[in-house]
1. Can you tell me which residue among A:Leu35, A:Leu20, A:Leu53 is within 25 Å of A:Tyr223 (Cβ to Cβ) and of a type in the set (A, V, I, L, M)?
2. Going through region A:122-172 one residue at a time, which ones are farther than 24 Å from A:Arg80 by Cα, among the hydrophobic types (A, V, I, L, M, F, W, C) and within 14 Å of another protein chain (Cβ to nearest Cβ)?
3. Here is a list: A:Ala34, A:Ala90. Which entry is in contact with a Phe, Trp or Tyr (Cβ under 9 Å, 6 or more places away or on another chain), at positive phi and surrounded by 20 or more Cβ atoms within 10 Å (Cβ to Cβ)?
4. Note down all Cβ pairs under 8 Å where the first residue falls in region B:320-343 and is more than 16 Å from B:Leu404 (Cα to Cα), the second is among the polar types (S, T, N, Q) and surrounded by 18 or more Cβ atoms within 10 Å (Cβ to Cβ), and they're at least six residues apart or on different chains.
5. Here are B:Ala423, B:Ala435, B:Ala440: which of them is within 11 Å of chain A (Cβ to nearest Cβ), touching a residue at least 12 places away in the same chain (Cβ under 8 Å) and either under 18 Å from A:His94 (Cβ atoms) or crowded, with 18+ Cβ neighbours inside 10 Å (or both)?
6. If a residue has to be at pLDDT 85 or above, hydrophobic (A, V, I, L, M, F, W, C) and assigned to a helix (DSSP H, G or I) to count, how many in region B:187-212 make the cut?
7. Can you tell me which residue within region B:389-418, out of those that are more than 16 Å from B:Gly30 (Cα to Cα), at pLDDT 85 or above and surrounded by fewer than 24 Cβ atoms within 10 Å (Cβ to Cβ), is farthest from the other protein chains (Cβ to nearest Cβ)?
8. Against the definition (assigned to a helix (DSSP H, G or I), hydrophobic (A, V, I, L, M, F, W, C) and away from chain B (no Cβ under 14 Å)), how does A:Ala116 come out, yes or no?
Amino acid sequence: MTSTLNIRNVAKKFGAAPILRGVSLEVPAGSTCALLGPSGCGKTTLLRMIAGLEQPDHGEISVGRRVLTDRSTAIAPEQRRIGLVFQDGALFPHLTVAENVGYGLPRSKEAGQRTAEVLGLVELEEYADRYPDELSGGQRQRVAVARALAPRPEVLLLDEPFSNLDADLRERVRHQVMELLDELRITTLFVTHDQEEAFVVGGRVAVMRRGQIIQQGSPAEIYDHPVDAWLARFVGEANLLPAISHDGAALTRVGRIPTASAVEHGSLVMVRPEYLQLRGGGEGVVKSVDFFGHDTAYAVEGYGETLTIRELRAPRFGVGDRVSVAYAGGTAVAFPA
Amino acid sequence: MRAVSKSPRTAAWQAKATGALPKTAGALVGLLFLSPLAYLAIEATRAGSLSSIAEAQAIRPLLRSLLLATAVATITVLVGTALAWLATRSDIPGRRILAVAAALPLAIPSFVAAAALRAALGVGGLIPWLPRPSGFWGALVVLVVVTYPYVYLPVAAALVTTPPDVEDAARLLGDTPYRMVRSVIVPQIRPATVSGALIVFLYVLSDFGAVSLMRYDTLTRQIYSSRLADTDTALALGLLLGGLALAAATVERRLSRSRAPYNSARKPRSYQLGRTRWPVFAVVASFLGTVIAAPAVVFLVWWLRSSLAAGSTYPSLAESLAALVTPGLNTVVAACVAGLSAAVLLLPAAYLAAGRESRVGFFASTAIASAFAVPGLVLALAVVYWVVQAPAVVASLYQTFPLLILVYVLHFGVQSHRTSVAAIAGLPRKYREAARMLGAGRFRRFATVDVPLIGPGVLAGGGLVLLSVAKELPATLLLAPTGFDTLATRVWNAAEGGFLGDVGVTSLGLLLLSGTLTWVLVLRPMQRNISPAD
């Protein structure tokens, strides 16, 4: 059974400092939503409120038709049927893998069966009798996911579950776990501060900043149409070019750029580095060249702000070369001054 | 205000209910620990006996107590710090063994050391040409030997956790070694030194065994001798001593506050002793050898001498060993029951104190700590007067086993309390939260998360109480049921009566017991935490 998670107008202050200022979010049944934000934005507090470990001052949280939190209700965490995967797993150190996974199951004959089944899902059957300190970091997080899934929760919450793993391992474990959650079609809220991770795991991404959700949408929407300059830079590299309005497009120092939104005088137009290209000779000067193997990033001066340009090829120019920058197509957005 | 709950099974309701139980328990525990001294204060004021404090008869013992306590504390700071530095930071030969051996005198009760010293020297002793020690100097030597580990242990721990980067930085910034020690090392170990010194100060103030056997008339000895003949004076002196001890404990709390040392991945720096390496080793080895082995040798000699002497009226070897069984068992039973009771009874208060913002928890912790600062003799005295004057039901408890255990728990409870608080505070919140999210209610969380993860720490704290009780003398003398001998009271009675053979065999038994307990409960855990640098 999986149900829709609904958060309506949740607010919370710690002392005088507002942590959450009226957050509303819906995660449809069976879907995955990534909650993305810088540290201290309130995303973990929101997660703990859904879990019932904290109480909001205002607002309502419900799963399906069950109200978990509102003005007159505060269901205890242990009665919410919500699974939570902690940042470092929080596996009980004194219990074996199987005992950890079986912890949330009622004592019955089926408990052992369910434990084996869930361990099978994360491919750790042969580790059932190990203790957490005998596992690798990636295995531990998979056990933590299995433990949260075992009691068949209606909603699964993940609190930066892979951030303690090395980059390479993180990608593999994340891929395996997210594929599994997709198959199980369980309503999932995934908290992260890593933009790349949010884009990979989330069918939908909600971006939080200073206690508010500032934008929700698909990863592509957020990347191509961020609501403001801060978000544009938070989810990727961005060039912000001063522009004037001209014939329904933006006129900038690198030429005419068609934008999705209306341009006013003094607007800034955001262009991603891969939507710009270089030509030899011109008013720009190459200040740095970073070669990453699959692409090359140039920093170019001479257009007001230093511009970043990415090309899917090996370096063609060196530091000090004169170049000109041109718009190469792709989405650009204008932000009002 | 939080949301008001409709259903009784809600988080807010649970939080309220969970809070009420330990709070009541914590408040009761706090009052219990304050009650003996409060009673003493009320009685002493009512009897008007406070005026006798001002009389000359109280001044001299008071000055003697202060003089002895100050002298012992000063010398132990030097001895303890020097040994700690050698054991953790120097290249002295056999450093690992030294690190453990230096803490062993913790196992020697002061009256046992005093009895050994008096048996060793003087006419008829092992070294007859030296005078039999007594008075100030005798008490000083004995008390330094048995208390310096209270400085040594915390300072060694502080020296091990001091990050070497700071010392390197000081040297690179141009400090001479001497200035570096003064500006970097001394400030880092000062909290440990100060708190160790004040524990020694309290120990000496409350010591009864050593000063009695050395016939040095401190406040404690005065209280004991005047307790029956002159109740008013005993009460007044007890109150004075208790007040003094509480003042010292308060000072300790203020001075020993320290910044948490941050952990450094690197091992602390080790220094070369150079040409002095072997001479220093010789001094330290003979000091520790004497302190640890001498009491055992003295007792063995006296015991063998008296039981093997021709035509001796002394019991045979087998008989004197058999005579150890009952007091030995009594000691073990009393110590185990007290240790376990302290660990269990103080658990609610420990939970409160581990939570950050509980006033009741703070109150309970302070009350528990203050009962430790009050000398065992004074505590026992207060409980005796209190119980005897209480209604018959309570009065019938006088000189019963439960009352003895209660006084042990009151006096040594803080050792268990501190360890339990650390264990509880050290349990990350996430485990209880993870259990909650998996549907575990309050009792299941306690049974499956708290008990297994906190249990070992709580029991270790009870173990420290157990060790203290095994060595305890004055409260046991005052409160033990008639005919209930412990090893400690046997040693004291034999030493008072001059039966050195009995002193010998009983002390050996006691040293064996407390030595084993110290090894298991203090030194093995310590080795794990502060094994010296390589």
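1. Details: A:Leu20 fails: within 25 Å of A:Tyr223 (Cβ to Cβ); A:Leu53 fails: within 25 Å of A:Tyr223 (Cβ to Cβ).
Exactly one of A:Leu35, A:Leu20, A:Leu53 is within 25 Å of A:Tyr223 (Cβ to Cβ) and of a type in the set (A, V, I, L, M), namely A:Leu35.
2. Listed by number, the list is empty, since nothing qualifies.
3. Details: A:Ala34 fails: at positive phi.
On inspection, the qualifying residue turns out to be A:Ala90.
4. Between residues of region B:320-343 that are more than 16 Å from B:Leu404 (Cα to Cα) and residues that are among the polar types (S, T, N, Q) and surrounded by 18 or more Cβ atoms within 10 Å (Cβ to Cβ), the close pairs are B:Ser320/B:Ser307; B:Leu324/B:Thr506; B:Ala343/B:Ser416; B:Ala343/B:Ser420.
5. Values: B:Ala423 fails: within 11 Å of chain A (Cβ to nearest Cβ); B:Ala440 fails: touching a residue at least 12 places away in the same chain (Cβ under 8 Å).
From the options B:Ala423, B:Ala435, B:Ala440, the qualifying one is B:Ala435.
6. 7
7. Filtering region B:389-418 for residues more than 16 Å from B:Gly30 (Cα to Cα) gives B:389-405.
Subsequent filtering for residues that are at pLDDT 85 or above retains B:400-405.
Pick out the ones that are also surrounded by fewer than 24 Cβ atoms within 10 Å (Cβ to Cβ) and you get B:400-403, B:405.
On the way: B:Thr400: 40, B:Phe401: 36, B:Pro402: 35, B:Leu403: 38, B:Ile405: 31 Å.
Per the stated criteria, the residue is B:Thr400.
8. So A:Ala116 fits the description; yes.
The values are calculated or read from the model by the stated rules, or taken from the named source; none is laboratory data. Keep in mind it's a predicted model, so treat the numbers as computed, not measured. Note that we place each Cβ from the backbone using ideal geometry, even for glycine, and neighbour counts take in every protein chain shown.
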